[in-house]
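Undergrad: Here it is, the structure, as structure tokens.
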Amino acid sequence: MSAQNHVNPWQTLTTEKVYESAWIEVHKHETINPAGNPAVYSVVGFKNLAIGVFPLSDEGFTWLVGQWRYPLNAYSWEIPEGGGPKPEKPEDAARRELKEETGIEATTLQEIMRMHLSNSATDELAIVYLATGLHFGESEPEETEDLQVKKVHFSEALNMVLRGEITDAISVATILKVDYMQKNGLL
């Protein structure tokens, strides 16, 4: 059944912004839940789109970005990704993030996926692009980024996902999607 055929079972009574930073807003909603009972629902609203870029060379190589992720207190290998201000065209944000994090510029960007991240608590939308026709230069990371860039064959990136070495949601979904596209002649 399509989403258009569903009726929202939640009733919002009041909404209050309880926190705001440069990246997020947290709203507290007093609601009536689907069972008809009062409930509080808190939602983290993101001010940017999540943008992911999967660079893929003609020889089957990609570039992963490693960095310490503060919320996880752990090191993470990921595809190049970052935030795209909502007024900016997502494709422009993808080109900027790819260049910023890896030094790579792409002749072609193809949107391959949209996904909602942690949709039980946030409205964050991710848009992911496949980058081809690659040209190489110097990276320009932001001051909050201490990045390591690693060139790996696509098969190694897929194995890193399957071994649980890549756990970032955008990266996992993207690598599995590219694997599907390759196996089904869509690339």
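Undergrad: All but one of (1) surrounded by 22 or more Cβ atoms within 10 Å (Cβ to Cβ); (2) modelled with pLDDT under 95; (3) among the polar types (S, T, N, Q) hold for Thr62, so report the exception by its number.
TA: Unmet for Thr62, out of (1) surrounded by 22 or more Cβ atoms within 10 Å (Cβ to Cβ); (2) modelled with pLDDT under 95; (3) among the polar types (S, T, N, Q): (2).
Undergrad: Taking only region 34-71 into account, find how many residues are within 16 Å of the chain's Cα centre (by Cα), within 26 Å of Tyr19 (Cα to Cα) and aliphatic (A, V, I, L, M).
TA: The total comes to 4.
Undergrad: For region 88-97, state whether one or more residues are within 20 Å of Asp168 (Cα to Cα), of a type outside the set (Ser, Thr, Tyr) and loosely packed, with under 15 Cβ neighbours inside 10 Å.
TA: no
Undergrad: From the list Val53, Val26, exactly one residue is touching a strand residue (DSSP E or B) at 6+ places or on another chain (Cβ under 8 Å), closer than 15 Å to Leu98 by Cα and surrounded by 15 or more Cβ atoms within 10 Å (Cβ to Cβ). Which is it?
TA: Val53
Undergrad: Can you find even one residue in region 26-34 that is outside the structural domain of Ile127 (by TED's automatic domain parsing), not in a strand (DSSP E or B) and not small (Gly, Ala, Ser)?
TA: Yes, region 26-34 contains at least one residue that is outside the structural domain of Ile127 (by TED's automatic domain parsing), not in a strand (DSSP E or B) and not small (Gly, Ala, Ser).
Undergrad: If the requirement is being in a strand (DSSP E or B) and loosely packed, with under 14 Cβ neighbours inside 10 Å, which of these qualifies: Gly185, Gly133?
TA: Residue meeting the stated conditions: Gly133.
Undergrad: Please work out if Ser57 is at pLDDT 95 or above and touching a Lys or Arg at 6+ places or on another chain (Cβ under 6 Å).
TA: Answer is no for this residue.
Undergrad: I need a count of the residues in region 28-56 that are touching a Phe, Trp or Tyr at 6+ places or on another chain (Cβ under 9 Å) and either free of Cβ contacts under 8 Å to residues at least 60 places away in the same chain or of a type in the set (S, T, N, Q) (or both).
TA: Summing the residues that are touching a Phe, Trp or Tyr at 6+ places or on another chain (Cβ under 9 Å) and either free of Cβ contacts under 8 Å to residues at least 60 places away in the same chain or of a type in the set (S, T, N, Q) (or both) in region 28-56 gives 11.
The values are calculated or read from the model by the stated rules, or taken from the named source; none is laboratory data. From a predicted model like this one, the values you see are computed outputs, not experimental measurements. All Cβ positions, even for glycine, are placed from backbone atoms using ideal geometry, and neighbour counts span all protein chains on display.
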